[in-house]
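Single-structure report; data block below.
The values are calculated or read from the model by the stated rules, or taken from the named source; none is laboratory data. None of these values were measured; they are calculated from a predicted model. Please note: Cβ atoms are built from the backbone with ideal geometry, for glycine as well, and neighbour counts cover all protein chains shown.
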Amino acid sequence: MENVDQTASNILSETLSIEELEDILHGGQLSCNHVDEVWPNLFLGDMYMSHDRYGLWRLGITHVLNAAHGKMCCKGSDDFYGTTVKYYGVPANDLPTFDISPFFYPSAHYIHDALSTTGAQKNKHGLLAIKELENVLDTCKLDLTPVDEVWPNLYIGNVAIAQNRNALKKMGITHVLNAAHSKQGSIGDQSYYGNTIVYYGIPAEDSSSFDLSVHFKPASDFIHKALRKKNGKVLVHCIMGMSRSATLVLAYLMLRQRLTLRTAIQTVVLQRAIYPNRNFLSLLLDLDIQLQRKRMLCPIL
């Protein structure tokens, strides 16, 4: 019993007072950012950032915990984020009388489970490697357009251009690779294009957990064979023409044109604004490492 009392006494003596906690908080570094990474893959942000779905996508956010759920001006909900981000709302008030302690354990469990999922774990290559690639992507100052030629006779575009058969005919497109096959907003299939265009569909998801790498070689083979045909022209598209389609084109340039990942990105961003999600960048890094190792062992590959 004496040991228990002594342990409790030690804990109490190590517990800081509210004044001491406030001193620590006031002594911290001030941030004027809408969002900051405060722990590996754990971000603190404001309402502005939480409403920026494109910004969240660029950060690779897979889960959102909203501590102001249901409050004025707060849009957070499952419907708002769709299927790409999991949502958890805590209807807390920022008042001296509000008891937020009942949400401590549920919130901690939610965060812990989220960070334990495959898509949310820190990339095995390290965040720095991903950010270096994102820095290269950010060098592109081009506006996003419906379609762009990023390599001779190879185009990246959005779903709108893919569904405009007259425009494809004027461009001379002979093959279409749809990286969002059967997804909402995509109606492409072979019957849609008839016998004038060869169609290949990949039902990929633009998510932090989808393994697009299994499609790298088949997609690259499709593009390669199409471009070898007389007057062959290929359109690779998804919904926006930024992530899934761009990833497959980068994989083609690496596999068939022997470009490094960095060089492939630099080549494409000269012609089009692209932004593969962090999961896809990680898969491309895997491919880059594999190809470099193979070529070191066998230079003729």
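The table below gives the values:
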{"quantity": "Flag if I130 is at pLDDT 95 or above and surrounded by 16 or more Cβ atoms within 10 Å (Cβ to Cβ)", "calculated": "no"}
{"quantity": "Selected residue [under 16 Å from V214 (Cα atoms) and not hydroxyl-bearing (S, T, Y)] from V234, V249, V269", "calculated": "V249"}
{"quantity": "Among (1) of a type in the set (K, R); (2) out of contact with any helix residue (DSSP H, G or I) (no Cβ under 6 Å at 6 or more places or on another chain); (3) surrounded by fewer than 20 Cβ atoms within 10 Å (Cβ to Cβ), the one test that R244 misses", "calculated": "(3)"}
{"quantity": "Near pairs, Cβ below 8 angstrom, 6+ apart or cross-chain, from the stretch 18-38 (within 22 Å of L59 (Cα to Cα)) to any residue that is modelled with pLDDT of 85 or more and in a helix (DSSP H, G or I)", "calculated": "H34/Y48; H34/M49; V35/M49"}
{"quantity": "Cβ pairs under 7 Å, 6+ apart, first in the stretch 273-291 and under 15 Å from R258 (Cβ atoms) and in the same structural domain as S243 (by TED's automatic domain parsing), second β-branched (V, I, T) and in a loop (DSSP other than H, G, I, E, B)", "calculated": "D288/T260"}
{"quantity": "Pick from the stretch 197-241, criterion more than 21 Å from R53 (Cβ to Cβ) and assigned to a loop (DSSP other than H, G, I, E, B), ranking: nearest to the chain's Cα centre (by Cα)", "calculated": "D211"}
